[in-house]
Amino acid sequence: MKNKINILGLLVILAGFFLAPVTVDADVNSDFNINQNYALGAYQGDSRQAYRNYIILHESGNQNDVNDTNAVLHEVQFMHNNYSNAYATYFVGGGGQVYQVGQPGYVAWGALSANPYSPVQIELARTADRNTFNADYHTYVNLARYWANYYGIPLTLDGYGNGIKSHLWVTNNYGGDHQDPYGYLASWGITKQRLAEDLLHGFYSTPTATVIRDAVTIKDGPTTGIAGWNSKGKIIPGSNTKLRNDTAWKTSYLTTVNGLPMYRIATDEYIPKKYTSEANLVTINAISGVNAVDSTGKQISDSRKTFTDQSKWKTNDRPHWINGKLYLQVATNQYIDTYYTIGGGNR
């Protein structure tokens, strides 16, 4: 009997060690401006305290989100109303907004058999807007880092033992069929390696001004305004009255009209690159950088480390069509796909 009592006592001590009372740092709510309007109530969700092994990263997988400017709110409302099926601790989206659903420190229902080992699970809503994604990604990473540090969980991604885990890692180690979040992140140029580095090291600075990636500003044109052109190479009468210096225009892509590079700003209206803020410049528009190609279209290995996001390169603005794509030359036998430049189409 004495031995049994000692064993039970040891189990109680171990339980107290692994599942200490949950206390949540109040600073997280103000640091991330967390919306708690849809947080589960006292008698909703799982009442078990979670082991402090993993921070689990998810992505909604809902392609309908890209056409919904309030996607994260609608995702959270659905999750709150259907929490008995599945729910995460947080949902990130809408330009860096954070909504709480589950209670940090407690088991959430988003990762099957891995649920008991994760005090925080984070979902990410989809978007079709580059600036929205940038803010979402920044917050997604920082929130994961915050809670990993808070619970003493390593900042390593999908490695051996404790750490930050993707839902794909959960599938590979605990079962299931989810592959997130890598497919969606890759669509924005974020590789698994990039995510791992950002989780491990964080961001060296907080973004200040939002980078406008799908617009150019008219510069150095005549005081009477510049002419807009149609796809047949004809001037659009009266277009100069609106196309004045220092006016900004959203662009769809860069192409050639009359042999000159021009930005598409309307259904059949184009403006010359030489009269914009991007004249004789290539400004890289790719979060992970972009590889240059040679004159045959062969990618120059690892050149993305040189042609990093927002870096600027001189060009003579002479268009080069290589394998059906428009390129601009930035060095001897080095060309950049105009899709991956400011105003070129990449969001």
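The values are calculated or read from the model by the stated rules, or taken from the named source; none is laboratory data. Quantities reported herein were computed from a predicted structural model and do not represent experimental measurements. For neighbour counting, all protein chains shown are included, and Cβ atoms are generated from backbone atoms with ideal geometry for every residue, glycine included.
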Considering only the stretch 211-221, state which residues are farther than 18 Å from T338 by Cβ and either surrounded by 12 or more Cβ atoms within 10 Å (Cβ to Cβ) or in contact with a His (Cβ under 8 Å, 6 or more places away or on another chain) (or both). I218, K219, G221
In the stretch 85-102, anything part of a loop (DSSP other than H, G, I, E, B) and closer than 20 Å to V170 by Cβ is listed as N85, A86, A88, T89, V101, G102
So, in the stretch 161-210, of the ones that are modelled with pLDDT under 90 and of a type in the set (F, W, Y), which residue ends up surrounded by the most Cβ atoms within 10 Å (Cβ to Cβ)? W188
Residues that are farther than 25 Å from I212 by Cα and in contact with a strand residue (DSSP E or B) (Cβ under 8 Å, 6 or more places away or on another chain), drawn from the stretch 298-319: Q299, I300
Here is a check on your reading of the model: is Y275 under 15 Å from D214 (Cα atoms) and among the aromatic types (F, W, Y)? no
Can you tell me which residue in the stretch 291-306 is surrounded by the most Cβ atoms within 10 Å (Cβ to Cβ), limited to those that are at pLDDT below 95 and in a loop (DSSP other than H, G, I, E, B)? T306
Limited to the stretch 141-175, what total is found for residues that are in contact (Cβ under 8 Å) with a residue 24 or more places away in the chain, within 16 Å of H58 (Cα to Cα) and in a helix (DSSP H, G or I)? 11
Please give the number of the condition Q329 fails out of (1) closer than 27 Å to F133 by Cβ; (2) assigned to a strand (DSSP E or B). (1)
Report, ordered by the first and then the second residue, all pairs with beta carbons closer than 7 Å, sequence separation of six or more or different chains, a first member in the stretch 234-247 that is in a loop (DSSP other than H, G, I, E, B), and a second member that is modelled with pLDDT of 90 or more and β-branched (V, I, T). L243/I218; L243/I226; L243/I271; R244/I218; N245/I218; D246/I218; T247/I218
How many of the residues in the stretch 51-71 are outside any loop (DSSP other than H, G, I, E, B), of a type outside the set (S, T, N, Q) and at pLDDT below 95? 3
What number of residues within the stretch 87-116 are within 18 Å of N37 (Cα to Cα), in contact with a strand residue (DSSP E or B) (Cβ under 6 Å, 6 or more places away or on another chain) and of a type in the set (G, A, S)? 3
Anything in the stretch 310-333 that is under 26 Å from T191 (Cα atoms) and surrounded by 18 or more Cβ atoms within 10 Å (Cβ to Cβ)? List them, or say none. W313, L326, Y327, L328, V330
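A144: under 16 Å from A196 (Cβ atoms) and modelled with pLDDT of 95 or more, yes or no? Show your work before the answer.
On the way: under 16 Å from A196 (Cβ atoms): yes; modelled with pLDDT of 95 or more: yes.
Considered against the rule, which asks whether it is under 16 Å from A196 (Cβ atoms) and modelled with pLDDT of 95 or more, A144 comes out as yes.
For every residue, the table says whether it meets (1) touching a residue at least 12 places away in the same chain (Cβ under 8 Å); (2) outside any loop (DSSP other than H, G, I, E, B); (3) closer than 25 Å to P222 by Cα; (4) in contact with a Cys (Cβ under 9 Å, 6 or more places away or on another chain).
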| position | (1), (2), (3), (4) |
| --- | --- |
| R264 | yes, yes, yes, no |
| A279 | yes, no, yes, no |
| D309 | yes, no, no, no |
| G345 | yes, no, no, no |
Whether any residue in the stretch 99-120 is without any contact (Cβ under 8 Å) to a residue 24 or more places away in the chain and either surrounded by 22 or more Cβ atoms within 10 Å (Cβ to Cβ) or assigned by TED's automatic domain parsing to the domain that holds Q193 (or both) is what I want to check. no
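Report, by residue number, each residue of the stretch 328-347 that is more than 26 Å from the chain's Cα centre (by Cα) and more than 12 Å from I284 (Cβ to Cβ).
Within the stretch 328-347, the subset more than 26 Å from the chain's Cα centre (by Cα) is 328-335.
Residues satisfying the conditions are Q329, A331, T332, N333, Q334, Y335.
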Cβ-Cβ under 8 Å, sequence separation 6+ or interchain: first residue in the stretch 195-221 and within 23 Å of A144 (Cβ to Cβ), partner among the basic types (K, R) and modelled with pLDDT of 85 or more. Which pairs? L199/R145; G202/R145
Determine which single condition I271 fails, assuming it passes every other condition in (1) in contact (Cβ under 8 Å) with a residue 12 or more places away in the chain; (2) not in a strand (DSSP E or B). (2)
